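The values are calculated or read from the model by the stated rules, or taken from the named source; none is laboratory data. Computed from a prediction, not measured in an experiment: that's the story for all the values here. Cβ atoms come from the backbone with ideal geometry, glycine included; neighbour counts cover every protein chain shown. Ligands, DNA and RNA are excluded from the accessible area calculation, which covers all protein heavy atoms including side chains. Shrake-Rupley method; radii C 1.70, N 1.55, O 1.52, S 1.80 Å.
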Amino acid sequence: MDKKKERIIELSDKVLDYLLKFKDANPTFTFSLRQRDSAQSKEKRLEVGQWFQGSSYIYVPLFIRGDNARKLKTVGFVLKYDKNGQLENYLEISFKSGISDEKEKEFHIRLAEYAGLKLNDSKHGTKGYSSQEDIWGNLLDYITNFRNYAVDLLEELDLKDKYLIKESDFQKSLKRINEIRNKINIPETVPKDEIEKSDKPQITSKMLNTILYGPPGTGKTYKTINSAISIIEGKSDEELQAVSRTDLKRKFDEYLITDWKDPKGQIGFVTFHQNMSYEDFIEGIKPLVVDNQNVIYNVVHGIFRNMCSLANDNWIDSQNDIGLIPFDDAFKILYDEWIEDPDLKFPMKTEGKDFTITGFTDASIQFRKASGGTGHTLSKSTLRDYYYNIRNVGQTGVEIYYPSILEKLKSYVPSPESKTVKKKEKQFVLIIDEINRGNVSQIFGELITLIEEGKRLGKNEALKITLPYSKDSFGVPPNLHIVGTMNTADRSVEALDTALRRRFAFQELMPKPELLTPSAVICQLMWEYEKVGWETNSYKDKETNLFSFLGVSQELIDARKNIWDEMRKEKQRSNLSYFESYKSTGFNLSVILQKINNRIEVLLDRDHTIGHSYFLSVRSVNDLKAVFKNCIIPLLQEYFYGDYEKIGFVLGKGFFEEPFKNAVNVFAKFYSGNIPEITISYKLKTINDSFDIINAVKLLLNDSEI
């Protein structure tokens, strides 16, 4: 086998591993794999490890292909070595005479327009990526931004069923390939040490924009804590599973920014709502009180701009090779000096033209000229650019006042204990809860383009814009991650702004009844009290109540201490099956949730199912009553708009009073003499201390075991 073919086979395995890791984080993602070798072909490519189409190249299609050999219908990412041994990567789109459907033609044409790919007269075209050396970044853009737009088009043109690869078909292809991998001694995943040696980026660090979506109560906001810490500390989900929830929450709180006047941390949190505006999120002009009496109007930064500034400061500082201390450190020293000496003066070249700083805001330095008069401001953002020589200092207008402050800032030296001037690059996370509840187009405005990974600062296609209020030049740094959450019962994914959808990777979170089995509930209680101790009275009281609620067997009670030793040794907090071999006769929350959701799916859809998190804190009969009263029933009333008959189909008659017919004589006499049809009225029972929850749940389950 020649060297070029060996390199193609090796790269094919790395590409497959990369895509499978991406699929782990995005379960609905599928792609096309080589199906089989041609019976007529002497060369058996699949058997030697070429997992994708192509002989001397790798062709990665996202959708069901046409005849790839003749380029009749295909959309793919291509990797190939040129005659000099350099790796090329480009996008290819083709739809020749093999397509007659006008919608399919429109799909390919619009997709080519989106990618900036020019089709020739034969309806075939390719486009090389601008950064040829960044093959993994280009591949990631292809399977996120490009694919999201393509899927939107397929949905718009009603072609999803014709083009999207079904999960079952994908798994069949993958199973065939994994069998071959094992046969020729290629592991199903690249060893961890090989991943670390390679230039391949970790998926978690590259997914800058993600939305967690699903029905209410599926743990979307809960998961943002794990996601944020995973990004900041560079840890996998598996590594975080070994950390207790208490410790994760403590870490999250340490990283969370709570004071924007002195921001310390790497996580920002905001909830979108109907009144959220561009001025709240990016920047706006708002009144500020100065000297306890005067009011001035100044540009105030919103949380997104604040997060961008923090991340950008760190990103620039991490690349600082000009012998200066980080800008923020220098700026803080200047501020402290001004606090000590409010009359701090700065000289100008022209004698008698000194000026005095009068105050600091989040975005600017306020100053007054020696001659008095109105105040002026200097932009902190502009000052930073000058500090790092990103742009040259202007020579007219207010810009003539920057040099003297710059000279002061650059005079500061690192503290004696500082070993290095250059800062380590950090990752920052902005969590946007309920992202679909705000008017995304209005809130992000023109910045929607800048959050694309390829448009971030430092990228070849980086973009900057001039903000409308401050007139500052603004871009989004590459070390700021956006994690959004979205409730599909409130508004479906399909209704979300298209511009936002194709700039985010979507991760679906659905109800997990497996977290509510008797074994799972017992394990969760134990890990919750791990640090308190499983021999303490406070834990034993909780355990006694839970065991009574679940109706556990004496066999489980007798065996539990041996299981404790096993759990302490393994410390596998994600393993909730330690007690699954033991029977219980009490409430099974997993079964209850599944019954409710099965019925909701029939009457409505899966987007309106109920999440497992509502039941996670249920440890007793009273807890269960409270969940139905305060959570489940109000949700169902909202879902079915007060249609109590449908609510009854979900919950059963145990939650309802006996139905009654309205009396004929309830109506007033009227000229028409037509009496409205007498209907049956349904009324929910009041859930109080006397409410029989055991009987109600039995009826909900159709008298099966509770």
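Quick look at the values:
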{"item": "Test for ILE431: is it closer than 15 Å to ASP328 by Cβ, β-branched (Val, Ile, Thr), at pLDDT 85 or above and not in a helix (DSSP H, G or I)", "result": "no"}
{"item": "Residue selected from the stretch 613-639 under the condition part of a helix (DSSP H, G or I) and either in contact with a strand residue (DSSP E or B) (Cβ under 7 Å, 6 or more places away or on another chain) or among the small types (Gly, Ala, Ser) (or both), by the criterion nearest to TYR529 (Cα to Cα)", "result": "SER613"}
{"item": "Residues within the stretch 161-172 that are open to solvent by 10 Å² or more (accessible area, probe 1.4 Å) and within 22 Å of ASP24 (Cα to Cα), tallied", "result": "8"}
{"item": "Extreme residue, most open to solvent (accessible area, probe 1.4 Å), among residues of the stretch 258-276 that are closer than 20 Å to PHE428 by Cα and without any contact (Cβ under 8 Å) to a residue 40 or more places away in the chain", "result": "LYS264"}
{"item": "Filter result for the condition that a residue is loosely packed, with under 12 Cβ neighbours inside 10 Å, under 24 Å from VAL521 (Cα atoms) and not β-branched (Val, Ile, Thr), over ASN688, ASN702", "result": "ASN702"}
{"item": "Residues located in the stretch 126-158, provided they are part of a loop (DSSP other than H, G, I, E, B) and either touching a Ser or Thr at 6+ places or on another chain (Cβ under 9 Å) or at pLDDT 85 or above (or both)", "result": "LEU157, ASP158"}
{"item": "Residue match in the stretch 199-216 (condition: within 24 Å of LEU509 (Cα to Cα), modelled with pLDDT of 90 or more and either open to solvent by 40 Å² or more (accessible area, probe 1.4 Å) or of a type in the set (Asp, Glu) (or both))", "result": "no"}
{"item": "Residues of the stretch 606-640 that turn out to be among the acidic types (Asp, Glu) and either open to solvent by less than 60 Å² (accessible area, probe 1.4 Å) or modelled with pLDDT of 95 or more (or both), as a count", "result": "2"}
{"item": "Matching residues, the stretch 558-605, being surrounded by fewer than 13 Cβ atoms within 10 Å (Cβ to Cβ) and among the β-branched types (Val, Ile, Thr)", "result": "THR585, VAL602"}
{"item": "Odd one out for ALA462 among (1) closer than 25 Å to GLY234 by Cα; (2) in contact (Cβ under 8 Å) with a residue 60 or more places away in the chain", "result": "(2)"}
{"item": "Residue tally, condition within 18 Å of GLU407 (Cα to Cα), modelled with pLDDT under 85 and surrounded by fewer than 13 Cβ atoms within 10 Å (Cβ to Cβ), over the stretch 322-342", "result": "2"}
{"item": "Set ASP643, ASP565, ASP558: member being within 29 Å of LEU248 (Cβ to Cβ) and not β-branched (Val, Ile, Thr)", "result": "ASP565"}
{"item": "Hey, LEU383 surrounded by fewer than 17 Cβ atoms within 10 Å (Cβ to Cβ), under 30 Å from ILE282 (Cβ atoms), at pLDDT 85 or above and not basic (Lys, Arg) or not", "result": "no"}
{"item": "Cross-chain or 6+ apart pairs with Cβ under 9 Å, the stretch 240-252 first and assigned to a loop (DSSP other than H, G, I, E, B), then open to solvent by 40 Å² or more (accessible area, probe 1.4 Å) and not charged (D, E, K, R)", "result": "ALA242/GLN572; ALA242/SER574"}
{"item": "Residue satisfying condition, being within 29 Å of ALA363 (Cα to Cα), within 16 Å of the chain's Cα centre (by Cα) and among the small types (Gly, Ala, Ser), within set GLY234, GLY268", "result": "GLY268"}
{"item": "Lone qualifier among ILE64, ILE93 - being modelled with pLDDT of 85 or more and either within 21 Å of PHE170 (Cβ to Cβ) or open to solvent by less than 10 Å² (accessible area, probe 1.4 Å) (or both)", "result": "ILE93"}
{"item": "Residue satisfying condition, being in contact with a helix residue (DSSP H, G or I) (Cβ under 8 Å, 6 or more places away or on another chain), assigned to a loop (DSSP other than H, G, I, E, B) and at pLDDT below 80, within set LYS459, LYS422", "result": "LYS422"}
{"item": "Identity of the residue in the stretch 114-142, more than 28 Å from the chain's Cα centre (by Cα) and of a type in the set (D, E, K, R), that ends up surrounded by the most Cβ atoms within 10 Å (Cβ to Cβ)", "result": "LYS123"}
{"item": "Matching residues in the stretch 534-550 - criterion: being part of a loop (DSSP other than H, G, I, E, B) and either of a type in the set (Asp, Glu) or open to solvent by 20 Å² or more (accessible area, probe 1.4 Å) (or both)", "result": "GLU535, THR536"}
{"item": "Enumeration of residues in the stretch 96-108 that are without any contact (Cβ under 8 Å) to a residue 12 or more places away in the chain and either open to solvent by 70 Å² or more (accessible area, probe 1.4 Å) or touching a His at 6+ places or on another chain (Cβ under 8 Å) (or both)", "result": "SER100, GLU102"}
{"item": "Of all residues in the stretch 1-58 being touching a strand residue (DSSP E or B) at 6+ places or on another chain (Cβ under 7 Å), outside any loop (DSSP other than H, G, I, E, B) and modelled with pLDDT of 80 or more, the one that is nearest to LYS172 (Cα to Cα)", "result": "GLN53"}
{"item": "Residue within the stretch 495-503 that is of a type in the set (D, E, K, R), out of contact with any Ser or Thr (no Cβ under 9 Å at 6 or more places or on another chain) and open to solvent by less than 20 Å² (accessible area, probe 1.4 Å) present", "result": "no"}
